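In what follows, a single structure is set out as structure tokens and then discussed.
The values are calculated or read from the model by the stated rules, or taken from the named source; none is laboratory data. Only a predicted model underlies this, so the values are computations on that prediction, with no experimental measurement involved. No Cβ is skipped: glycine too gets one built from the backbone with ideal geometry, and neighbour counts run over all protein chains shown.
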Amino acid sequence: MKVLVIGSGGREHAISWKLAQSKKLTKLYAAPGNAGMAHLAQIVDIAAKDQEGLLRFCKKEAIDLVIVGPEAPLVEGIVDRFEKEGVRIFGPSKHAAQIEGSKIFAKRLMKKLGIPTGDFETFEEAGKAMDYVAKRGVPIVIKADGLAGGKGVVVAQSMPKAMEAIHLHMVKKIFGKASERIVVEECLEGDEASVIAVTDGVSVRLLASCQDHKRINEGDTGPNTGGMGAYSPAPIVTPELEKEITEKVFLPIVNDFKAAGQPFKGFLYAGIMITAQGWRVLEFNVRLGDPEAQVILPRMENDLLDVALAVVEGRLSDLKFSWKDQHSVCVVIASGGYPEDFQTGKRIAGIASAEEEPGIVVFHAGTKEAGGQLVTAGGRVLDVVGLGSGIFEALSKTYRATEKIFFERMYYRKDIGHKAARVFHS
């Protein structure tokens, strides 16, 4: 089979790496891809947002299956467009993708289905939002309604910070149309975890549990990022919790979309907060998380291409998932200054040495070839992933490999997986 992966980050490199192991695969393409993916796939110089260009390529090359990595093309309706033209594609429709594309849509759906979530109000006018926050008090969470590259959520601990966030979102419109409407939500406290399922619109199968680290600094402090690391399994996500999330979150959502004649096909990711009062859903994504994919896929024993085909063909119920009895850890190496201002074009060294460690794979998140050298090309640059018989072995191997990599002003957190390590140690 000829498969096209759309995207250019660490998640897409991990997807490509897993697909490349399939015996069904005859040719792998990546658009636009990155320097790491070039070792596995033929790079296609077409942007992920260029639906017409991608469609022409798929028809010309007779692509058998398209797998979309990032959320933006899904929210923009790439699945509907490709299916209309007879091109098989893995992912939810534009209607279903609203669950990530609109925070307001997601919150209203949760309210309708009785899914536990934080109290919230929605606003289209800055003045009314400010009046509400003044009465409600802080801490409070301000969320842009639309996609904002992971930067549209502000956890305001003070009233000036809350008012500034509303002003930036709705008056300055720093995220354009994405912040014309906002959600103002209660600030939940507890431990976050990622519970990710795959569905063909009828059946639901959970992927291995995982937990990521969103904050830039150690101790889970500082600004939010796209993710600075992750680990799997997550001890906080118990089998009992997985069963409850499946029955009270995923199945009601899948059944609701099915009843509306818009079956949800693809990955469905629930970001949950486990509070003293029980779990609450924070948000939904309609794709694999990044860096969650990087710790889930190395533990998956199934053929990912088999899984994708089962979803597209509506026969997911036939599949039984199996997972390696190992722990995985991902440490993200970022450009100094990320998630604010950072420089690119820094020469990268040491990846080959790092991958000499058994059980280590390095996924590229923001790299490119320039003048015959591998250089940085983004905020998050590399994802070092290690497998071990337990969390401590996985952590030790991953950090040992990470220390072999170098580029100017590189930064990574040195406490990834510390929560899991504490749990397993106790």
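Annotations for the structure displayed:
- Residue 308 meets the conditions (1) surrounded by 18 or more Cβ atoms within 10 Å (Cβ to Cβ); (2) outside any helix (DSSP H, G or I); (3) among the small types (Gly, Ala, Ser) in every case but one. The failed one is (2).
- When residues of segment 34-53 are limited to those that are out of contact with any His (no Cβ under 6 Å at 6 or more places or on another chain) and closer than 24 Å to residue 299 by Cβ, the one surrounded by the most Cβ atoms within 10 Å (Cβ to Cβ): 41
- Per-region count, segment 335-384, residues closer than 19 Å to residue 401 by Cα and in contact (Cβ under 8 Å) with a residue 40 or more places away in the chain: 25
- Among the candidates 36, 91, the residue that is within 22 Å of residue 380 (Cα to Cα), out of contact with any Lys or Arg (no Cβ under 6 Å at 6 or more places or on another chain) and not hydrophobic (A, V, I, L, M, F, W, C) is uniquely 36.
- The strands (runs of 3 or more DSSP E) found wholly in segment 92-192 and carrying at least 2 residues that are at pLDDT 95 or above occupy 120-123, 140-144, 182-186.
- Identity of the residue in segment 267-301, basic (Lys, Arg) and surrounded by fewer than 22 Cβ atoms within 10 Å (Cβ to Cβ), that ends up farthest from the chain's Cα centre (by Cα): 280
- Highlighted here are the strands (runs of 3 or more DSSP E) found entirely within segment 202-254 that include at least 2 residues which are in contact (Cβ under 8 Å) with a residue 40 or more places away in the chain and crowded, with 18+ Cβ neighbours inside 10 Å: 204-206, 229-232.
- Here 400, 347, 380, 409 are screened, and the one residue that is crowded, with 22+ Cβ neighbours inside 10 Å and either charged (D, E, K, R) or over 24 Å from the mean Cα position of the chain (by Cα) (or both) is 380.
- Applying the set (1) modelled with pLDDT of 95 or more; (2) within 24 Å of residue 94 (Cα to Cα) to residue 330 leaves exactly one unmet item: (2).
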